[in-house]
Amino acid sequence: MENCVLDARPVPSTQPPHGMVQPYLVFPRPEWAALRANVPQSLGEADIAALRGHNEPVSLEDITEVYLPLSRLLNLHVMATRSMNNMVKSAFIGAPAVTTPFVIGIAGSVGVGKSTFARLLQAVLSRWPDHPNVALVTTDGFLHSTRELEQRRLMHRKGFPESYDLRQMIAFLAALKAGERNLKVPVYSHEAYDIVPDRYQVIDQPDILIFEGLNVLQTVSEQPFMASDFFDFSIYLDADTQVIEDWYVKRFLSLQRTAFRKPTSYFHHCADLTPDEATRMAHDIWRRINLPNLRQNILPTRERARVVMHKSASHAIDTVWMRQL
């Protein structure tokens, strides 16, 4: 790739990634890392260790080369959005603007590492002095309860669009952007594999809200609004499909040796499977449920994201694609 130099920063390729038709700026990792500028390192090894997911290696180098440039880009967008809102409200309405949360949507497949990515991004963004209050909400809290899914015969479709209470999700985002306070989000337990009764996460007008989940960029024809209508920025976490399947299986085997052994775990019945049996089960779940959902509902939304971050087989982000439109 040939680079032209302007202000000592690389000019990325505009060739769209394979299978994508939108015009993109394409940044190999070294070029993306250079866009960090002078943003200081804000996390230490102890912080990263507390935020890692199962079998997801993350290093200080990843924070420096990937998350800090991203946080700089997002900070610029936050400041520009606030400035524009203030200018428009003041000039057009003649009234001071009411600051509402800047909402970042994060999408991607099951097993691609969205949760860890979102937690790390939350930690990095919260170090910026202009927006220290950064909240994280996952769409798991908007899944229908197990009882409801069983009544609708949808347990085998968990994670598909129809398994979510989309009205509740949209109502939350609309209220958030309307400036309402102390909003309640249902809490989901991965151990119980269900919504926790009478337990809520309270969201009280943060500076930034990270909204992470499988379905955040999906379009639903019968709904007047989509979740992405309320986003100020969106990110798609990407990897090759076979690589994601490998990660999913490894995570399943890790959980089978740990979390599944708890008697309260929904998957406790899998705890005594042999390694071969557990591997076959993980591949079966992936190919029957997660792969069709990825192909039908998640991957087609990739081009709706403002930024696509591609991960290599080592979990490291190796390329960043930034949409120009």
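What follows is calculated from the coordinates using simple rules that are stated; it is not laboratory data. As the structure is a computational prediction, the values presented were derived from the model and not from experiment. Methodologically, a virtual Cβ is constructed for each residue, glycine included, from the backbone with ideal geometry; neighbour enumeration extends over all protein chains shown.
Tabulated data for the structure shown
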quantity: Ranked by how many other beta carbons lie within 10 Å on average, peptides 241-248, 151-158 from highest; calculated: 241-248, 151-158
quantity: Listed candidates (i) 147; (ii) 156; (iii) 194 - label of the one calculated as volume of the Cα convex hull per residue in Å³; calculated: (ii)
quantity: Which listed pairs, of Lys184/Lys250; Lys158/Lys250; Lys177/Lys311; Lys184/Lys262; Lys184/Lys311, have C-alpha distances above 25 Å, in listed order; calculated: Lys184/Lys250; Lys177/Lys311; Lys184/Lys262; Lys184/Lys311
quantity: For the stretch 27-116, the spread of Cα positions along each principal axis, largest first, Å; calculated: 53, 31, 26
quantity: By average C-beta atoms within 10 angstrom, highest first, the peptides 308-319, 284-295, 201-212; calculated: 201-212, 308-319, 284-295
quantity: Total formal charge among the other residues, if their Cβ is under 12 angstrom from that of Ser126, Lys/Arg +1 and Asp/Glu -1; calculated: -1
quantity: Built amide H within the under 5 Å cut-off of Ser234, gap 5+; calculated: Gly105, Arg306, Val307
quantity: C-alpha center-to-center spacing [the stretch 88-153, the stretch 207-275] in angstrom; calculated: 15
quantity: Most positive-pole-ward Cα, Met87, Leu149, Ala135, against dipole of the chain from beta carbon charges; calculated: Leu149
quantity: Only Lys, Arg (+1) and Asp, Glu (-1) charged, at Cβ; the chain dipole about Cα centre in debye; calculated: 420
